[in-house]
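The next block holds one structure in the form of C-alpha cells; read it before the comments.
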Amino acid sequence: MKKLFLILTFLNGCFLLSFGQDDYTVKGSVVDTSANIKLHNTSVSILTAQDSMLYKYTRADNNGNFLFDGLEKGDYILLVTYPKYADYVEQFSLDSVKEINFGSMNMILKSQLLEEVIITGRQAITIKGDTTEYDAASFTLQPNAKVEDLLKQLPGIQVDQDGKITAQGQTVNKVLVDGEEFFGDDPTLVTKNLRGDMVDKVQLYDKQNDQAAFTGVDDGEKEKTINIQLKEDSKKGYFGKVDAGAGTNDFYQGQAMFNKFKGKEKFSAYGTLGNTGKVGLGWQDADRYANSGGMEMNEDGDMMFYSSGGDDFESFNGQYNGQGIPSAYNGGLHYDNKWDEDKHGINANYKLGSLGVEGTRNSIAQHNLPSGTQNRRSDQYFDNHIFRQKLDVRYDWKIDSTTNLRITIDGTLRNSSTDDEFSSTTTNGNDMLLNESVRKLTNEGNDRIFNANVLLTKRLKKPGRTISLNLRQSINESKTEGFLNAENSFYDGVGGLDSIQQVNQYKDNDIVNNAFQSNLTYSEPIFKDFKVVFNYGLSVNNGSANRQSFNQSATGEYNLLDSLFSNNYQLNQLSNQVGAVFNYKKNKNNLTFGTKISDVRFKQLDLYNNETFTRNFMNLNPQVTYQYRFSQQKTLRFNYFGNNTQPSIDQIQPIRINNDPLNIFEGNPDLRPSFTNRFNLNYYSYKVLTDQYISFYGGYSFTTNPIVNNTFTDATGKTVYRSANLRDRNTMNFNGGIYGGQKIKKWDLRVGGDLSTNGNVFYNLTNDSLNMTKSYSYSARISISQYKQKKYDFGISGGPTYNTSVASLQPELNNNGWGFNGDASFNIYLPGKIQLGADGNYMFTQATQSFDEHFERLIVNARVTKRFLKEENLMFTVSANDLLNQNVGFNRSAFNNSITQDSYTTIRRFFMFSVIWEFNKMGGAGTQ
C-alpha cells in the first residue's frame, strides 16, 4: 500500500497549493424612492465577472438591507431582481478595499423605465422545473475540446477517466443529441467525439419511461439523462476524426468517425479496430445480441427457450470483460431526420463487429462439506470469436394533435465459434487426489434475431384520459454444432485409481422461439389529483428445442444417437395479465400503488419420450411507491415491490447435458413458487448555489419459501445438483449507504465521499445438511478533483473495504479480510502545446483463512501529447499502458458452500505511438 500513498503524496504535492485567507464584505439597501418603500425579500446575487457563474446569493431583510461576508478577492457582478422592477446590475472588484457599501440602491418599475439602460449578463445555470440547463458559452474550452471536457466544468457533473458520467450524485446512462438517441444508448459516442464548441445548451433531467410520460401517471421510475442541444450553425456541415496507433508487442488501434449534419438531418459513420482492450466506440447494446443458454421466465411468468452457442457448450456472449487478449473490428452507420413540421421522424442504425478473445484462466475453489472440505484446481484455455450485424429502424408519425404512432424494427445476424480446453484436479482436506478431468469443447453457432414493436397512443377529449396499444413480435433462431471430448479419472481417496470415464460426441442443436406480446393501457383521471391506469396484456409463446448427441461408430462417423443426452421439446404458452395502478399527486406528494395479476398456462411436449408436462399458475405483483419532493432538488422516495418467482423448467425438468460429468443436474417436479418482498428508501438533495449534493439509500428484501440448491458431493468429488424449497427459512439481501460531494470555491476543489454496505444470507443443502452462508461487505471512499482551464486537472479517490463470508458447515474456514482500492489521474498543459498525463489504479486484497496469499496490484498508465497547427487539431501521442507491468487478472467470489479465486491473462505493459487528426467545417467555417 506504500506505493499508493506515494502517488497520492506526489499528486497532492503537485496540485494542492496554499491559499491566503480573504475576508471581503459587500452590503447595501434596496429601495424604491419614487414610492418611498423598502423592498424586502429582494433577490440579491453575486456573479463572477469572467463567466457570470453564480457565486453568492441572499435575500434582503424586512428593511431592504442585505449583507455578504467572507468573500474572496476578484471581479464580480451584482445582480438585484424584484418582481415588476427592472434588474439592477453593477460590476465591482474586491481588491484593496475590504468592504464595499452600495448604499441605497434605487429600483425602477419597468412601467416607468424610460432612458435607463440595464445590462444583463448570460445566465450560466437556469432551473426550469425539473430541468437544470447550462449555457455552454459561459464556460471556456480549449481548442478541439470534446463534450466530455465541457461536462467536467459544469457544477454537479463529474466525468471519470473511463468516461463514466455522474450528475448530482447519480449515474448518467443516457446522453441525447437534440433529444434523439445517437448510435443507441452509449453515452461515450457523444461525449468523446462531438466537439464542445458545437454545443449551445446542456440539459440535465430525470427522464420518465414512455408510458409514464404519456399517461401523466408518475411511476417513480426515472433515468438521469443529459441532452446536448447543438448550436444552429453546428447543424450544418461536417466534422470527424482519424486516430491511428501502433505499439510494442504487436498492439495496435485505429478509429475513424465522420458526421454530417444538415438541420434536423444527421448522418454519421464510424469504424474501429484494435487489440488494446478498447474494443470500439461502444457496443452498449450487447445484451440485445447475446444470451447465455437455457430456458428463461420473467416476472410475469412468460417462459422461452434461448441459446448462445448451445447449452452443451461454454458460451461466449460477445463481450470483452478484461479476460484474455481481444482483437476487435467494429463499424456503424447512423441516420436520423424529421420533416413535415416534425410530424414524421426516422432514426436508423446499422452496426457490425468482429471480436476474438484468446487467453487462459486458472481457478482455485474450496467446497465446504459436512465431512470436511474438497479443493479443486482448474486451468482453462479459451479462443472465442464472434461476428455480428444489427440493423434497427424507428419511425415516428404524429397522426394528429392527439394521436402518435411509433414503429420499431430490428434484426440481428450472428456467427460465433468457441474453443475451450479444461484440465482440473480435486483433492480432499488431506490433499489426497479424488479426481482428474481433461475436457475439450468446440462449437460453431449461427443466430438470427428479429423484433418488431408498434406503439399507438391516443389522448382523448377529457384531460388526462388516454389509451394506448403496444404490440410486440420476436423471433429467435439458433443453430449450433460442435464436439465434446472428455476423460475423467476417479480415485479412491488414498491414491489408487478407481475408474476412468471417456466421452467423445458430436452435438447438434436447433432452437427456435416465437413470442407475441400485447398490452392495452387506459388512464382515467378520477379526481383532479387522483388517476388510475388499467392494463390488459395477452402473450403467446411457442418454441422448440431439438438437441442431439451422437457417439462415434466403428467407421469413425458420429452417427450413433445417444438418447440419454438427446432431447426434443416443444413449448406452448398462453398468458393473460390484468392490472390497475392508482396515482395520487398533489403539491409535493406523489403516491402510486396497485398490482398486476398474471394467469399463465404452460405446456411442454417431450417428443422423444412422448411425454407432456403442463403447469398452470398465477403471479401476483403488488407495488407501492411514495415520493415527497421538498424542492426541485431535494427528494425522498420509498417503494415496495412484491413478486412470485416460479421455478424454471430447468429446475423442474432439466434438459440432460453431459458437458461436465463432474457436475450433474436433476429436476424436482415438486417445486413450488417463492415470493420476494423488496423495500427501498432513497433521499437525495442537491444545492445549486454551493454545488453540494448528499444522498442516502437503503434496500432490504427477503424471500419466503425460497428455491435453493440441494447438492450432493460424493467421495470422488462428483456433484449432483437439484433444487428444493425451504419452508422454514427466508433468504435475505440488504444494501445501504450515504454519499455526497461539494465544490470548495476558495480552493476550486471538488470533494466527495461515500460509505456503503451490503450483505446477504443464503441457504443451500449440502449432502442433506443445511448450510447457511453469510456474506457482508463494507467500504468507504473519498475523492478530490480540480480542473484549471489550460493549466492542469487531477483527481484522486480511494478507500478501504472489509469483506466477510462464512459458511455454517465450516465456520473456521472463512474468507474475511481487508482490502483497499484507489484511483488517481492528472493532466498538465505545458507551453508549446504539450500535454502530460497519467492515471493509476491500486488494488490490495488481504490473505484469508481460505486463501493464504494476499493480492496487490498497481497499474500506471502515462502519456505525452504534442498538438500542431493553428487550431491544434493534429496531435501526436506517446503512451504507456501498465507502465509497471502489474496488470494481473484477479477475482474472488463466494456462492453457497463454495469460495473461488480466479486469475486470468489480460493486457499488460506496452507502448503506443498514435496520430490523431480532427477536422470540421460547421456553419461555413472550420479546420482542415
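The values are calculated or read from the model by the stated rules, or taken from the named source; none is laboratory data. Remember, it's a predicted structure, so these values are computed and weren't measured experimentally. For neighbour counting, all protein chains shown are included, and Cβ atoms are generated from backbone atoms with ideal geometry for every residue, glycine included. Keep in mind that these areas ignore ligands, DNA and RNA; they rest on the heavy atoms of the full protein, side chains included. Shrake-Rupley method; radii C 1.70, N 1.55, O 1.52, S 1.80 Å.
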Response to the item:
Listed by first then second residue, the pairs whose first member lies in the range 34-49 and is touching a residue at least 24 places away in the same chain (Cβ under 8 Å) and farther than 18 Å from LEU71 by Cβ, whose partner is surrounded by 14 or more Cβ atoms within 10 Å (Cβ to Cβ) and acidic (Asp, Glu), with beta carbons under 9 Å and at least 6 positions apart or on separate chains, are LYS38/ASP32; LEU39/ASP32; HIS40/ASP61
Practice prompt. Could you pull out the residue among ASN639, ASN616, ASN643, ASN609 that is without any contact (Cβ under 8 Å) to a residue 40 or more places away in the chain and outside any loop (DSSP other than H, G, I, E, B)?
Written response: ASN616
Discussion item. Just to be sure I understand, how many residues within the range 699-724 are open to solvent by less than 30 Å² (accessible area, probe 1.4 Å) and not in a loop (DSSP other than H, G, I, E, B)?
Written reply: 9
Worksheet item: If you check LEU749 against the conditions, is it of a type outside the set (D, E, K, R), surrounded by fewer than 19 Cβ atoms within 10 Å (Cβ to Cβ) and out of contact with any Pro (no Cβ under 6 Å at 6 or more places or on another chain)?
Response: yes
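What residue, among those in the range 616-642 that are among the hydroxyl-bearing types (Ser, Thr, Tyr) and within 26 Å of the chain's Cα centre (by Cα), is surrounded by the fewest Cβ atoms within 10 Å (Cβ to Cβ)?
TYR640
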Discussion item. Here is a check on your reading of the model: is ALA545 crowded, with 16+ Cβ neighbours inside 10 Å and within 36 Å of the chain's Cα centre (by Cα)?
Written reply: yes
Worksheet entry | the range 527-542, residues that are open to solvent by 40 Å² or more (accessible area, probe 1.4 Å) and either farther than 30 Å from ARG448 by Cβ or over 35 Å from the mean Cα position of the chain (by Cα) (or both) | PHE527, LYS528, ASP529, PHE530, LYS531, PHE534, TYR536
Worksheet item: What residue, of THR42, THR48, is under 41 Å from the mean Cα position of the chain (by Cα), of a type in the set (Val, Ile, Thr) and open to solvent by less than 80 Å² (accessible area, probe 1.4 Å)?
Response: THR48
Worksheet entry | Residue count, the range 643-653 (criterion: hydrophobic (A, V, I, L, M, F, W, C) and open to solvent by 30 Å² or more (accessible area, probe 1.4 Å)) | 0
Worksheet item: Within the range 1-43, which residues are modelled with pLDDT of 75 or more and under 21 Å from ASP95 (Cα atoms)?
Response: ASP23, TYR24, THR25, VAL26, LYS27, GLY28
Worksheet item: Among the residues of the range 550-582 satisfying the criterion of being of a type in the set (Ser, Thr, Tyr) and assigned to a strand (DSSP E or B), which is surrounded by the fewest Cβ atoms within 10 Å (Cβ to Cβ)?
Response: TYR558
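Listed here are the residues, each with its yes/no results for (1) touching a helix residue (DSSP H, G or I) at 6+ places or on another chain (Cβ under 9 Å); (2) among the small types (Gly, Ala, Ser); (3) without any contact (Cβ under 8 Å) to a residue 40 or more places away in the chain.
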{"residue": "ASN659", "(1), (2), (3)": "no, no, no"}
{"residue": "THR703", "(1), (2), (3)": "no, no, no"}
{"residue": "GLY717", "(1), (2), (3)": "no, yes, no"}
{"residue": "VAL720", "(1), (2), (3)": "no, no, no"}
{"residue": "THR731", "(1), (2), (3)": "no, no, yes"}
{"residue": "ASN758", "(1), (2), (3)": "no, no, yes"}
Worksheet entry | From the options GLU477, GLU524, residue that is open to solvent by less than 70 Å² (accessible area, probe 1.4 Å), within 29 Å of the chain's Cα centre (by Cα) and in contact (Cβ under 8 Å) with a residue 24 or more places away in the chain | GLU477
Worksheet entry | All positions within the range 407-453 that are within 30 Å of ASN337 (Cβ to Cβ), basic (Lys, Arg) and buried (at least 17 other Cβ atoms within 10 Å of the Cβ) | ARG414
Item to complete: Please go through the range 643-692 and pick out each residue that is among the hydrophobic types (A, V, I, L, M, F, W, C) and under 24 Å from the mean Cα position of the chain (by Cα).
Response: PHE679, LEU681
Worksheet, complete the sentence: Output for Cβ contacts, cut-off 7 Å, separation at least six or different chains, first residue β-branched (Val, Ile, Thr) in the range 428-439, second open to solvent by 70 Å² or more (accessible area, probe 1.4 Å) and assigned to a strand (DSSP E or B), reads VAL438/GLU487
Discussion item. Name the single residue that is most open to solvent (accessible area, probe 1.4 Å) among those in the range 86-101 being over 12 Å from PHE68 (Cα atoms) and in a strand (DSSP E or B).
Written reply: GLN91
Practice prompt. Return yes or no: is ILE796 open to solvent by 30 Å² or more (accessible area, probe 1.4 Å) and of a type in the set (Val, Ile, Thr)?
Written response: no
Worksheet item: From PHE826, PHE844, PHE820, which residue is under 19 Å from TYR776 (Cα atoms) and buried (at least 19 other Cβ atoms within 10 Å of the Cβ)?
Response: PHE844
Discussion item. Consider the range 502-521. How many of its residues are touching a helix residue (DSSP H, G or I) at 6+ places or on another chain (Cβ under 8 Å) and open to solvent by 10 Å² or more (accessible area, probe 1.4 Å)?
Written reply: 0
Response to the item:
Condition set in a helix (DSSP H, G or I) and either in contact with a helix residue (DSSP H, G or I) (Cβ under 7 Å, 6 or more places away or on another chain) or aliphatic (A, V, I, L, M) (or both), scope the range 209-258, selection modelled with the lowest pLDDT: answer is ALA212
Discussion item. Looking for something modelled with pLDDT of 85 or more, farther than 29 Å from GLN158 by Cα, surrounded by fewer than 16 Cβ atoms within 10 Å (Cβ to Cβ) and not hydroxyl-bearing (Ser, Thr, Tyr) - is there at least one such residue anywhere in the range 847-864?
Written reply: yes
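Say we look at the range 225-243 and pick out the residues that are among the basic types (Lys, Arg) and touching an Asp or Glu at 6+ places or on another chain (Cβ under 6 Å); which of these is surrounded by the fewest Cβ atoms within 10 Å (Cβ to Cβ)?
LYS231
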Worksheet item: Does THR81 count as open to solvent by 30 Å² or more (accessible area, probe 1.4 Å) and at pLDDT 85 or above?
Response: yes
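Would you call PHE868 in contact with a strand residue (DSSP E or B) (Cβ under 7 Å, 6 or more places away or on another chain) and touching a residue at least 40 places away in the same chain (Cβ under 8 Å)?
No.
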Practice prompt. Among the residues of the range 592-615, write down those that are of a type in the set (Val, Ile, Thr) and open to solvent by 30 Å² or more (accessible area, probe 1.4 Å).
Written response: THR595, ILE597, THR612, THR614
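So that you can scan it fast, the table gives a plain yes or no per residue for (1) without any contact (Cβ under 8 Å) to a residue 24 or more places away in the chain; (2) in contact with a His (Cβ under 9 Å, 6 or more places away or on another chain); (3) within 30 Å of ASP178 (Cβ to Cβ):
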{"site": "GLY332", "(1), (2), (3)": "no, no, yes"}
{"site": "ASN349", "(1), (2), (3)": "no, yes, yes"}
{"site": "GLY353", "(1), (2), (3)": "no, no, yes"}
{"site": "GLY359", "(1), (2), (3)": "no, no, no"}
{"site": "SER363", "(1), (2), (3)": "no, no, no"}
{"site": "GLN374", "(1), (2), (3)": "no, yes, no"}
{"site": "GLN380", "(1), (2), (3)": "no, no, no"}
{"site": "ARG388", "(1), (2), (3)": "no, no, yes"}
{"site": "ILE409", "(1), (2), (3)": "no, no, yes"}
